[in-house]
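**Student:** Quick one: structure below, then a few questions.
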C-alpha cells in the first residue's frame, strides 16, 4: 500500500507539474504595457512554488515508500536534528520568497493602482449595470454631463441618467456599448455601478477591478495592440452574470478619431 | 496555590460568563465599527437627541448592581452560617429579597427603554428613519435582550435557592452577578457612544 | 498559556465533582437518550449525521452544476419536474445554476466544514481526551446542535419559497444581497431566509465554542497539563477561540443585513441605485462594510474548517508512524500563530474591491507570512513520517493524503496572496481550485481520517479496511483530477460563477470543463463506497476492542463505545504526554497517557 | 356576438403582433376609428448599440432605433393604445393566446395588448438567453430567464395595468403589456390610425395611452354608423 501511495502521488505530481510546464493552458498573450510585469511576477511565483510543490510531494512519496511498516519491528528513527531544521528551513526558504515576491510585486501593483493618472490619458466613464457595460466619452467640450439616477431610462437609451434639457455639458456626451480606445495611448477609466457590484476584466490587458456601488473607482491601462477582445464581469451580479460582457476595440489613432466623430454625428 | 481563591474563578460557570462577555464585547465592537463606517460613508447622518429618560434608566441599572452585590454578600454570610450550624439553606431572608429587587430593577430598566423608544417614535424617528436612529434602536434593543438573559439567570439562581438541593448555588450566583455587572458596563459604554456619536 | 497543573484545589474539587456526578446520571427514555440528549457523545454523533446529510445535499447540487457546465443545453431528467419555473424542460436556467451554487457553498462551508471537524468530532472526542465526563454546559451543548439544525432547515426552506433560493453566492455581497427582489429571482424571500439561517447558525456555533473553551480550561483531568493535551484537543480549543471571534462578528453582520432587507434601513446600500428601472429608497450605506464584516469572519472561517484537520492529522499520524510528532511545542505554536494571523489577512479577499491600494500590500504581507507556520506544520508531518514504522491503515492514508492535498492547495495561495497576480486571477477558476483543495478537500480528508480513526470508539465496531483503502485511493485520484485542472482554467482566464461559457474566449475551456465534470461525478460516485462502509460497519462491523490502534490518548483507555460518563465514575489521572510511541511500555511500543507508572512526558 | 368580438380581437392581436403598417380591418357599422397625432417636437430616437450581443446585432443590417416614440408621416403617432374605459358591457376574457416574441433582442410587438385573464405566451426566438421581467405593480411581479431554445413562458394577468417589460440581460429591450378590462381596444399603426370595430350604439369614454406622453380621454357617441375619434398628444423633446 505504501508503494502504491508513493507511486500515485508521484504520478499525480508529474502530471500536474507537466501540464504547467508544457503550458497546455496558459495566459492569453498580453496586449498591455503593465502586463509584462505581472507575467514576470507570475512566472517567478510559478517557478518558486512549483519547486516547493514537486519537492514536498516527492519527499512525502519517498518517505512513505521507505518507512511503510514491514513488520520487521525495527526501531523508529527521529528526524536528524528534530524540529529545528524544519523551522529554520521553512522560515528562511519561505521568508526569502515572501520578501522577494513582496518587493517585486508591490512595484508591479503600484504601477497599476498607485501611479498618478497620466495627464494626456483618454478619460472614459464606465457604468456597469445588470447585465451590460456602457462607456461614456466626454464629447467636444471635454466635459461629462452630471448623471442623475432618477433620470436613468434604459428604454430611451439614457443609461447614465443625463439631463440634456438643462445640462449643456451632457448634450454632446457620447455613449457607446463598446470600449473603443486608441492604441498605445494611456486610458483612464472611472468605474461606477448603477445597481449592484460588478467587475471589469480583460485577461489580455491583465487588469481586473470591481465596481462597487456608491464608489467611483479609477483604473488605468495602455493597450499596445490593435485587437478586439472581450470585457467580462467577474463579480457575481445576478442571473445574467454569465452573459455580462462588452467588447474592447483597440484602434489605430486615426480610425479611433473617425469612430468618435461618427458617434458624435448621431 | 491557594485553593479558596481558586474555587469560584475556576468554576466552568464563571469561565463561561467570561467567554460570553468576550463574545458580546466583540459583537458590540463590530456594531460600533459598523456605525463609524456608516457615519463616514453617507452624508445622510442626522443627529438624534437622546430621550431624557435614558439617564433615569441608567440610574436604575446602576442601582440594580448595588442591590445585587448587597444580596450576594448577604447570601455568602448566610451560607457560611448554615455551614457552621450544619442546617440546610432556607429559601428566605434579605438576600433573596435583594436578588428579587435586582430583577425588578432590571425589568424596570427595560420598561424605561421601551418608553424611550415610544418617545422617539412620537418624534417620528423609527428604525429606518435615518442611520442614527437605526443604530439607536439596534443598540438599545440588543442590550435589552442581553439584559433579559441576565434576568433569566437571576431567576435560575433564585430557583436553585428554593430547591436548595445540591448545596448553595455559589458558582451560579457568582457567574450571574458577573454577567449582570457587565451589562451595566456595556450600557454605560453604549450610552457614551450614543450620546457622543449620534 | 502557562504550563500549570490544572486541578489544584483538591478538597473543593472533590465536592464540585460530587455535585457534577450527582447531576450527571444517565437519562432514561428514548428521547432523552438519543434525541434531546445532553451527552456530548450523542451530540457529537448528531452533528456528524447532520454533516453527512448536508454533505450529500451539497454534493448532489455540485453534480447538477457540473453537468450543466459541461452540457449547457442538455436537459437533466426530472429536473423539469423539480423546478418547473427555473428549469423548464429540464434545462437549467442561469438563476437556478447560481442558486445551486449559492446553496452548495453555504451548505458545504457552514453545515459541513464547520460542523463535522469542529462540532462533530470535537464534541465526541474532546471531553474524553481531557478526561471530563461531559462538556462544561451540557444544556448549551444540546441547544448548540438543535439551533444549528434549525439553521439548516431554515436554509433548506429557501428551496421552497415561490421565488426560489438566493443567487448571491455564499459571500452574499451587498447590495445584491440587500436590495430585495428587484435584484433578481431568489433575492426576495430566499435571500432573507439565507441571512436568517446564517444568523441562527452563528448562535449555535457560539454556544459550541463557549463549551469547548470552558471544558478545555476547567474540566481537564488531574495531571492533564496543557502540554499533555493531544494535538486534536489543542486544535479544537484554538478553533473554538477563532470561532468565537468570527461568529461574534458575522452575527451582527447578518442582523444588519436582515434589517436592510426587511426594515428598510441602509447599512449596506448606498444612495442612487437603480435596479430593474427602480430607484432604490436607500441612501448612504456602504457595500464595503459588508465585505469587511463578512471577510473578517470569512477568512478565519477557512481555518475553522482546516485547523481541526491539522489537529486530527497531528494526533493520528504519530499513532500509525509509531513515533512522537516532530516538535510538539512547535506544532502547537504554529496552530496558535495561524489562528492569530488569520485575523490580519481578511483584506486579501478585497484586493479588487476598490480599497486603498496601499492597504492591499498591508494585507498581502501577513497573508504570505501565514504560509510560514503552515509550511512548518507540513514539514513536521513529513518529518514525522521519516523513520517511522508506518501502519498504513485507511486513517493513516487519509492523513498522508491530507498532507499532499494541503500542500497542493496551500501553494496556489502564493499566487493569490500577491495583489499584482491576484489582479489577474481574482475572479477565475484558479481561486475555485485553490479553496476547494485547501478548505474543501483537505478538510474532508481530515474528516475521513477522523471517521476511520474514531469510528470504533463511537460505535464499538471496526470499519472495513479494504473498502476504506479502495475509497481512499480512488478519492485521492478523483480530487486531483477534479480540482487541479481548475488551476489551468484559471490561468487561461476562465471566469468563475458562470452558468455557461458563451463568451468567445471561454468556449475553448469546454473540453476541460467536461473532463472536470467527469472527474467530479466519478469522485462523487466513489463516496458511495464510503457510505456503504459506514452503514454496513455500523450494523455488522467487527466488534472493536478498547484500543484497536494502540493509541495513547484517554479516549482509548475507556470502553468502545464509552459509558455515559466516559470513565465509569472514576477520575483518570494523567501522567504522560500524548504521543509516547516507539518506547517500551506495558502493552507494547507505547505508553497510555493514563498509565499509572510515572514516566517521562513528551 | 361574442364570437364576432373574438374574431376581431384575434385580427387585432395579429395586427399588433407584427406592428402592421398595413390597412386596418374594414370599419364595420358601430365602430370607432381615428388618427392619433402629436404637436411639438418628439424626442430623437437613438440607435440601439447591440455590440454586446453579436448574435442579435447581425440580425439587423440597419441599426434598430429606440421605440418609446414611434412617429409616422404627418406627425402621426404609433404604438398608442386606444380603448373603451366606460360605457361598454364587460365581456368574458378571450381565449386566444397573445404571442409576445423576443427576436433580434427586440420585443415584438413593442406593446402587447391583452384582456384581463387572457393567456399570454412569451417566445425566445434568439440564440441567446433572455430574461423577461414585467415590472408589474397591481399584478404579481415575476422575473424569469429564458435560455435559447427553451419552451415559451405562459402567463396571464388578473388586474388592468400598463406593465413595463424589460430584459436585464439586454438593457435596451423595453416593451409594454397593456392589460385592459375591456375587449374593445386597438393599437395605432405606423400611420397613427386605429379602429375599434363592432361597438353597439351608445355613449363611450375612450382613452388613448402612450408610454411616453401619458393619456388622453374623450367621450364618443356611437350611432348606427362609424364614429370618429382623433387624439392629439403634446410631445416634448426631452
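Just so it is clear, none of the values below were taken in a lab; they were calculated from the coordinates. Everything quoted here is computed from the prediction, not taken from an experiment. Cβ coordinates were reconstructed from backbone atoms using ideal geometry, including for glycine residues, and neighbour counts include every protein chain displayed.
**Student:** Relative contact order for the stretch A:2-113: what percent, with Cα pairs under 8 Å and sequence separation of 6 or more?
**Tutor:** Reported relative contact order: 47 percent.
**Student:** Then there's this: In deg cm²/dmol and to the nearest 500, what is the mean residue ellipticity at 222 nm of chain D if only DSSP H runs of at least 4 residues count, each as -39500 (n - 2.57), divided by the residue total?
**Tutor:** Computed mean residue ellipticity for chain D: -2500 deg cm²/dmol.
**Student:** Helix A:2-22 versus the longest principal axis of chain A: what is the Cα-based angle in degrees, 0 to 90, to the nearest 10?
**Tutor:** 30 degrees
**Student:** Now for a different question. I need to check one value: relative contact order of the stretch C:337-475, counting alpha carbon pairs closer than 8 Å and at least 6 residues apart, in percent.
**Tutor:** Relative contact order, the stretch C:337-475: 27 percent.
**Student:** At 7 Å along the Cα-to-beta-carbon direction for both residue D:212 and residue C:535, put a label point, then send me their distance in nm to one decimal.
**Tutor:** For residue D:212 paired with residue C:535, the spin-label model returns 6.6 nm.
**Student:** Would you mind ranking C:134, D:230 by Cβ crowding within 10 Å, fewest neighbours first?
**Tutor:** Ranked by crowding around the Cβ, least crowded first: D:230, C:134.
**Student:** For peptide C:181-190, how many partner chain Cβ atoms fall within 10 Å of a residue's Cβ, on average?
**Tutor:** Neighbouring Cβ atoms belonging to other protein chains average 5 per residue here.
**Student:** Summarise the partner chain shielding of D:166-177 as one whole number: the mean count of Cβ atoms from other chains within 10 Å of each residue's Cβ.
**Tutor:** Per residue, the number of nearby Cβ atoms from other chains is 6 on average.
**Student:** Suppose R0 equals 45 Å. What FRET efficiency, 1/(1 + (r/R0)^6) with r the Cβ-Cβ distance, do residue C:34 and residue B:81 give to the nearest 0.05?
**Tutor:** Efficiency for this residue pair is about 0.50.
**Student:** Over the whole of B:108-119, what's the average partner chain Cβ count within 10 Å per residue? Rounded to a whole number, please.
**Tutor:** 0
**Student:** Using only helices, what value at 222 nm comes out for chain C when you add -39,500 (n - 2.57) per DSSP H run of length 4 or more and divide by the total residues, to the nearest 500 deg cm²/dmol?
**Tutor:** That calculation yields -19500 deg cm²/dmol at 222 nm.
**Student:** A follow-up question, please. Taking the mean number of other Cβ atoms within 10 Å as a proxy for protection, how do you rank C:279-290, A:37-48 from highest to lowest?
**Tutor:** C:279-290, A:37-48
**Student:** Using Cβ contacts closer than 10 Å as the measure, can you line up C:142, C:463 from fewest to most?
**Tutor:** Least crowded to most crowded, the residues run C:142, C:463.
**Student:** What order do you get for A:95-107, A:131-143, C:318-330 when each peptide is scored by the mean count of other beta carbon atoms within 10 Å, highest first?
**Tutor:** In decreasing order of mean packing, A:95-107, A:131-143, C:318-330 become C:318-330, A:131-143, A:95-107.
**Student:** Ignoring everything except DSSP H segments at least 4 long, calculate the 222 nm mean residue ellipticity for chain A; use -39,500 (n - 2.57) per segment, divide by total residues, nearest 500.
**Tutor:** -13000 deg cm²/dmol
**Student:** Semi-axes of the equivalent ellipsoid for chain A, please: Cα gyration tensor eigenvalues, times 5, square-rooted, ordered largest first, whole Å.
**Tutor:** 53, 19, 17
**Student:** Could you rank the peptides D:149-156, A:233-240, C:475-482 by their average count of other C-beta atoms within 10 Å per residue, with the highest value first?
**Tutor:** Ranking the peptides D:149-156, A:233-240, C:475-482 by packing returns A:233-240, C:475-482, D:149-156.
**Student:** In whole Å, what three semi-axes, largest first, describe the equivalent ellipsoid of the stretch D:2-235 built from its Cα gyration tensor (square root of 5 times each eigenvalue)?
**Tutor:** 30, 21, 15
**Student:** Related question: If neighbour count is taken as other Cβ atoms inside 10 Å, put C:194, C:536 in order from fewest to most.
**Tutor:** So the ranking, lowest neighbour count to highest, is C:536, C:194.
**Student:** On average, how much area does the Cα convex hull of the stretch A:88-234 cover when viewed from any direction, in nm²?
**Tutor:** Directional mean of the projected Cα hull area for the stretch A:88-234 stands at 11.2 nm².
**Student:** Which parts of the stretch C:269-293 would a label at residue B:36 reach, counting a residue when its backbone N lies under 18 Å from a point 7 Å out along Cα-to-Cβ?
**Tutor:** C:286-293
**Student:** For chain B, set up a GNM with springs between Cα atoms under 10 Å and report which of B:26, B:173, B:54 has the largest fluctuation.
**Tutor:** Maximum fluctuation in the GNM of chain B, among the listed residues, is at B:26.
**Student:** Quick one: if you take sqrt(5λ) for each eigenvalue of the C-alpha gyration tensor of the protein assembly as shown, what semi-axes come out, biggest first, whole angstrom?
**Tutor:** With the √(5λ) rule applied to the protein assembly as shown, the semi-axes are 62, 39, 29 Å.
**Student:** What FRET efficiency comes out for residue A:100 versus residue D:127 if R0 is 60 angstrom and r is the Cβ-Cβ distance? Round to the nearest 0.05.
**Tutor:** 0.75
**Student:** Follow-up question, since we're still on this one. Quick one: what Rg and Dmax do you get for the stretch C:279-331 from the alpha carbons, in Å?
**Tutor:** 20.8, 67
**Student:** Another question about this same structure. Could you work out how far helix C:287-321 tilts from the main Cα principal axis of chain C, as a 0 to 90 degree angle to the nearest 10?
**Tutor:** For C:287-321 against chain C, the angle is about 40 degrees.
**Student:** To the nearest 10 degrees, how steeply does helix C:357-369 sit against the main Cα axis of chain C, on a 0 to 90 scale?
**Tutor:** The angle comes out near 30 degrees.
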